[in-house]
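Below is one structure, written out as structure tokens; the observations come after it.
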Amino acid sequence: MKLVVALILAIESSCDETAVAIVRGLRGHPTEVLASVVASQIPLHREYGGVVPELASRNHSLHLRGLVEQALGDAGVGMHEIDAFAATNGPGLASSLLIGSTAAKGMACAMKRPFLAINHLEGHLLSPFIHQTEVPPHLALVVSGGHTLLLDVQGAGRYQKVGGTRDDAAGEAYDKVGKMLGLPYPGGPEIERVAKGGNPKAYDFPRSMIHDPHLDFSFSGLKTAVLYTLQKVQGEVPLGDLAASFQAAVIDILVHKTLRAAKQVGHDRIALSGGVSLNRALRAAFEVACEAAGAELVVASPVFCTDNAAMIAFAALLRHLEGESSPLAGDIHPNLPLV
Ligand code: KG4
Ligand code: ZN
């Protein structure tokens, strides 16, 4: 087989992180991440307790050019050496997606190179395998602020959804409960921090649908249960106990359903990705459960868990090596499904 090395530059701007990455790779070899820069807008949106779409898109356009130059500098490559340009085309905020996608198309057009439109969820899904030689069959849990998905993965590009959330995503539940508890946005890392000093058994919050035969999730009942408990508290709010008990319920549900899905589909390898997979208590619970079930656990590196462009560049690289590209006339899709 001909060995073709490809250099990909990708942009991720689906929500409130502006990110640019450059990767180099070839079939059957671990991919090199030559540059991965992220300009987080968290401090900007914190004041509003969540992401303000117009502020997000305006800031993407302000920072993107500088980030592209920084990534090229970090990677030590010139724009003319890039073989293909990629950007996230959905799901995400329309105005934010448009900025990154239009910039990547512009560069592809100017440099007469192919453009690749990448699904943000495929980026997360593949992120645990960036440094591996292939994407092996596995059961994937993608758990982020916008999504909680279980997928049967047979290899790169071969995915089947086996479960998902029927209401809030796990990260969304973290963020909403964080807000209720008066913690800064985003709630996920704050709840993890506060939960360290609390008792996870202090409150017996519901594990909705945990024993139902299907593989879907529901987190809105849990969120409401925390709210009702909070309303009954008299005196000082037991922040640590509430955060730890909420987190214990989320982890129980995610671990239980994911292991059941792996068994049901017939996978002995489980991969975790997305912002919530940064959570150390979640990782530890999965390690214990996978060891007991004799399953291999693959978790994305912490730098590739929350939104980044390296995962988009990696997904684009795999498609580029298969000879795929996307039309410049293609649109962005705020509700783009993965499968
Ligand atoms: O993957 P991501 O950066 O963006 C989406 O695609 O949504 O995930 C962001 C989500 C937020 O909901 C955030 O609260 C959550 O990931 N998150 C965490 C942690 N760090 C980020 N949730 C729990 N524990 C954490 N340490
Ligand atoms: Zn994401």
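Hey, can you rank 190-197, 167-174 by average C-beta count inside 10 Å, highest first? Show your work: numbers first, answer last.
Working: 190-197: 18.2, 167-174: 24.8.
Averaged packing, sorted descending, gives the order 167-174, 190-197.
Using Cα-Cα distances under 8 Å and only pairs 6 or more residues apart, what relative contact order does region 1-63 have, in percent? Before the final figure, lay out each step's value.
Working: 86 pairs, mean separation 17.8, N = 63.
Once divided by the residue count of region 1-63, the mean separation gives 28 percent.
Peptides 243-249, 298-304, 271-277, 56-62: what's the order by average Cβ count within 10 Å, highest mean first?
Details: 243-249: 24.9, 298-304: 17.7, 271-277: 26.9, 56-62: 19.7.
Those peptides, ordered most packed to least, come out 271-277, 243-249, 56-62, 298-304.
The distance between label points at residue 256 and residue 79 comes to 5.4 nm (points 7 Å beyond Cα on the Cα→Cβ vector). Residues whose amide H comes within less than 5 Å of that of residue 219, counting only those at least five positions distant or on another chain, are 166, 167, 168 (H built at 1.01 Å from N in the peptide plane). The coefficient of translational diffusion for region 138-299, derived via Stokes-Einstein from the alpha carbon Kirkwood radius under 10 °C and 1.306 mPa s, stands at 100 µm²/s. Can you give the calculated 222 nm mean residue ellipticity of the chain, where each DSSP H run of n ≥ 4 adds -39,500 (n - 2.57) and the sum is split over every residue, rounded to the nearest 500 deg cm²/dmol? Helices in the chain give a 222 nm mean residue ellipticity of -13000 deg cm²/dmol. Please compute the Cα-Cα pair-distance distribution of the chain with 10 Å bins starting at 0, giving whole percents from short to long. In order of increasing distance, the bins hold 6, 26, 32, 23, 10, 2, 0, 0 percent. Using θ = phi - 60° in the Karplus curve 6.51 cos²θ - 1.76 cosθ + 1.60, the 3J(HN,Hα) couplings for region 34-45 round to 7, 7, 8, 10, 10, 9, 7, 9, 3, x, 5, 8 Hz; x is entered for Gly and Pro.
Look at where the Cα atoms of region 188-243 and of region 271-310 average out, and the two centres are 21 Å apart.
Only helices reaching 30 angstrom along their own axis (Cα) with mean Kyte-Doolittle hydropathy no lower than -1.0 count here, and for the DSSP H runs of the chain these are 53-75, 239-265.
Given +1 on the Cβ of Lys and Arg, -1 on the Cβ of Asp and Glu, and no further charges, what dipole in debye does region 138-299 carry about its Cα centre, rounded to the nearest 20? Working shown, then result.
Numbers: 17 positive and 17 negative charges, 18 e Å.
That gives region 138-299 a dipole magnitude of about 80 debye.
With a 10 Å radius around each residue's Cβ, average the other Cβ atoms per peptide and rank 42-48, 63-69, 10-16, highest first. Let's see the in-between values first.
Working: 42-48: 12.9, 63-69: 17.1, 10-16: 29.6.
Top to bottom by mean Cβ count within 10 Å: 10-16, 63-69, 42-48.
For residue 34, nonlocal amide neighbours, meaning residues 5 or more places apart or on other chains whose placed amide H falls under 5 Å from its own, are 22, 23, 24.
Since every read-out is calculated from the coordinates, none of them should be taken as a lab result. Just so it is clear, the structure is predicted and the values come from calculations on it, not from any experiment. Cβ: placed from backbone, ideal geometry, glycine included. Neighbour counts: every protein chain shown.
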